[in-house]
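Values quoted throughout were computed directly from the atomic coordinates according to the rules given, and no laboratory measurement underlies them. Predicted model, so just to flag it, every value in this text is computed and none were measured. Here Cβ is always computed from backbone atoms with ideal geometry, including for glycine, and neighbour counts include all displayed protein chains.
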Amino acid sequence: SGASLRYSTGTGGEGSEGAGLASSESGGSGFSLAAAALPERRRPGGGRPRYEVVRELGAEEVRWFYREDRKTWKPFIGYDSLRIELAYRALGPGGPAEPREGEAAAVEPVCVRSGLYEVDVANAESYPVYWNQTEKIPVMRGQWFIDGTWQPLEEEESNLIEQEHLNRFKGQQLQESFDMEVSKPVDGKEAIHSLKLSRNHVDWHSVDEVYLYSDATTSKIARTVTQKLGFSKASSSGTRLHRGYVEEATLEDKPPQTSHIVFVVHGIGQKMDQGRIIKNTAMMRDTARKIEEKYFSNLATHVEFLPVEWRSKLTLDGDTVDSITPDKVRGLRDMLNSSAMDIMYYTSPLYRDELVKGLQQELNRLYTLFCSRNPEFEEKGGKVSIVSHSLGCVITYDIMTGWNPVRLYEQLLQKEEEEPEDRWMSYEEQRLLEELHITKQRLRKIEERLHGLKATTISKPPVLKFKVENFFCMGSPLAVFLALRGIRPGNSGSQDHILPRTICNRLLNIFHPTDPVAYRLEPLILKHYSNISPVQIHWYNTANPLPYEHMKPSFLNPTKEPTSVTDGESVSTVPSPTTSPVMVRRHYGESITNIGKASILGAASIGKGLGGMLFSRFGRSSTTTPQTLETGKDGAEGDDKKATTVGTPPLPHSSSGFLEPIVELEHRIDFELREGLVESRYWSAVTSHTAYWSSLDIALFLLTFMYKHDQEDTDKSSLDTI
């Protein structure tokens, strides 16, 4: 949308306010306006400055609107509306810029709404730039507006009224003073002019007192009754109209520059409802806009959310699975085929690569398209984050890390080959095995040399065309996938154990406590974090919340039973007070059987383990909002917490208090939404997996991390000024 537009104000002559148009080299709307910048002018109550003469509406007085999902018309911001109007006038008839002979009247589409949409002025419709949408969004040119709501009259009626108004009043001077109270009735005034429309009629009581009346039978009866009671015709059933929008369009009224783009990746079930991720991203974008306005309005940039729809383009098995599906309970079967089958496809070696490549190509396509339309984004160090949901987290993780099950299988085979066989072998068999082993080693060395030569001549392009700043997982089963791949807790508190910082600067795992698909990641890095509570996400309206990096880790209730403990594991071991207790909540233990059990019983264990801690969690939230809830047998946690000092770590079996482990995580990774006090645990287990998109708490959480550096820079500069 980088067109540079300037507007030339006219002197009141016919068409002079339209301004000269020239082709723009920088893309966007394709128009450039000459001369001085527009004077900003608000018109209180729709009134005009005194001594003004009736003339054709200027481009800045017209306002363009769009309508999504058949709701009310929404106005474009001034910057967008002005550029659409100029493109409209360049089309020819009715506009000041008539096309010359032999020239096509085609006009480039106008880029609007922060560059996410384009407007085809000739067909009066808008469409998204970065994703496909079957329904086009209608746009409308507003000239006459309804008092109070400032909704535009339908274009056909508006054009007729405007034409009649100019024919009758053009060149006449408006009233010397203008009426601030727009709804004041015009009692006793007779209409000086009238226009009959198909279902309505318009009366002019003066040049700028115009009323619309409905000609429906019921309206006529109501008008007769109210007039007999002594009310004027205008105030009884007329709707006052205003010519020109309440606020004039200026090029200064433009969106802030995008400094950070967020790719929103869907999980399973997209085949069932193809437009779902677009709607979900729109919800997330709208909630983020509200949070931006409330908390980040001092920053001159903004974060843009783009949906990544990777599923619909894949062919996979065609309709083979549908053809082998029995007809009984077909609806339920189709729903499972459209959702749960995605997990089976991903675990299939035949189709896994197709899913990975589908998402990878879509991410790169969107990034390339965005940069081509916003060339300054990379120049100014724009950042990219990814928000993934459900299975999308696993696929995104595998793309970033390059994990491949085939490579893992080859490593296992190699390990088996290197281990000596525990059986009697003849001398000849031993000799041949040794020879085979030496040959394989030589072959491996030759392959490595060849690979090294290829690497020096052809540098392999990166899988993604951008570095990921933040990777937000929502309702993610990634931890279970990693555990099943053999990842076990280590001794370092670094994120590098599961996702190197060179690939992604920050990994954050967001989940609702009753989401049956979500699992924790921190216990895969340090085992004792299974007994440390995830960080509670602040409510968006919390006053002065404690920054997340300053929130100290605290115990979960260690007296409850672990969900899965191996028979050979001793529970009676008492750890020393200086070490953190290893009382596991969901044990990612040494055997794969336990992992399977944990994943199968996920929903049940969450209901039993996490749900039971509802009140104790609210007690722990006293860092942000003081709570006076008693936690039953544990007592008031807030009081215990105050009594605990940083220097003396609590006893391992104490029911509350902060933890002072020997090894801590560099950054916390698991962040948990707060449960509502009136939530039904079982109902929320059903709904929580899809409840992330419209959450204001999550919107604030995402923006807090994405605006972190911008906020710090702003704070630093203001401190320097002081």
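Assorted remarks:
- DSSP-assigned coil residues among GluC sites (Glu not before Pro) in the range 256-339, each with at most 10 further Cβ atoms within 10 Å: none
- Scalar couplings 3J(HN,Hα) for the range 534-543, obtained by applying the Karplus form with A = 6.51, B = -1.76, C = 1.60 to θ = phi - 60°, are x, 6, 7, 6, 5, 5, 5, 9, 5, 7 Hz; x denotes Gly and Pro.
- Label sites at I487 and Q414, each approximated as a point 7 angstrom past Cα along Cα to Cβ, lie 2.1 nm apart.
- Ordering of 110-122, 64-76, 133-145 by packing is 110-122, 133-145, 64-76, highest average first (other Cβ atoms within 10 Å, averaged per residue).
- In sequence order, calculated HN-Hα J values of the range 304-315 (Karplus, 6.51, -1.76, 1.60; Hz; x Gly/Pro): 10, 10, 10, x, 10, 9, 9, 7, 5, 7, 7, 8
- Calculated FRET efficiency for the pair D496/W150, C-beta based, R₀ 56 Å, to 0.05: 0.50
- Separation of the L369 and R67 label points, Cα + 7 Å toward Cβ, nm: 2.7 nm
- L350 versus R444: modelled label distance in nm, points set 7 Å from Cα along the beta carbon direction: 3.3 nm
- Our estimate of slack between L696 and T134, defined as 0.36 nm per intervening residue step minus the Cα-Cα distance, is 199.4 nm.
- Once the chain from V663 to H709 is taken as fully extended at 0.36 nm per residue, the excess over their C-alpha distance is 13.9 nm.
- When the listed pairs K279/K313; K71/K136; K136/K254; K313/K383; K290/K465; K467/K552 are checked against a 21 Å cut-off, the alpha-carbon distance exceeds it for K136/K254; K313/K383; K290/K465; K467/K552.
- Other residues whose C-beta falls under 12 angstrom from the C-beta of K136 contribute a net charge of -4, scoring Lys and Arg +1 and Asp and Glu -1.
- The loop-placed chymotrypsin sites (Phe, Trp or Tyr not before Pro) in the range 358-442, going by DSSP, that have at most 10 neighbouring Cβ atoms within 10 Å of their Cβ come out as W424.
- Taking amide H positions as modeled 1.01 Å from N, with prolines and chain starts lacking one, the residues under 5 Å from N509 and 5 or more places away or on another chain are C473, D670, F671.
- Close amide-amide hydrogen proximity is noted between Y117 and V112, V129, each under 5 Å apart and 5 or more residues distant or on a separate chain (H modeled in the peptide plane; Pro and chain starts excluded).
- Förster radius 60 Å - calculated FRET efficiency between D319 and N167 (Cβ-Cβ, nearest 0.05): 0.45
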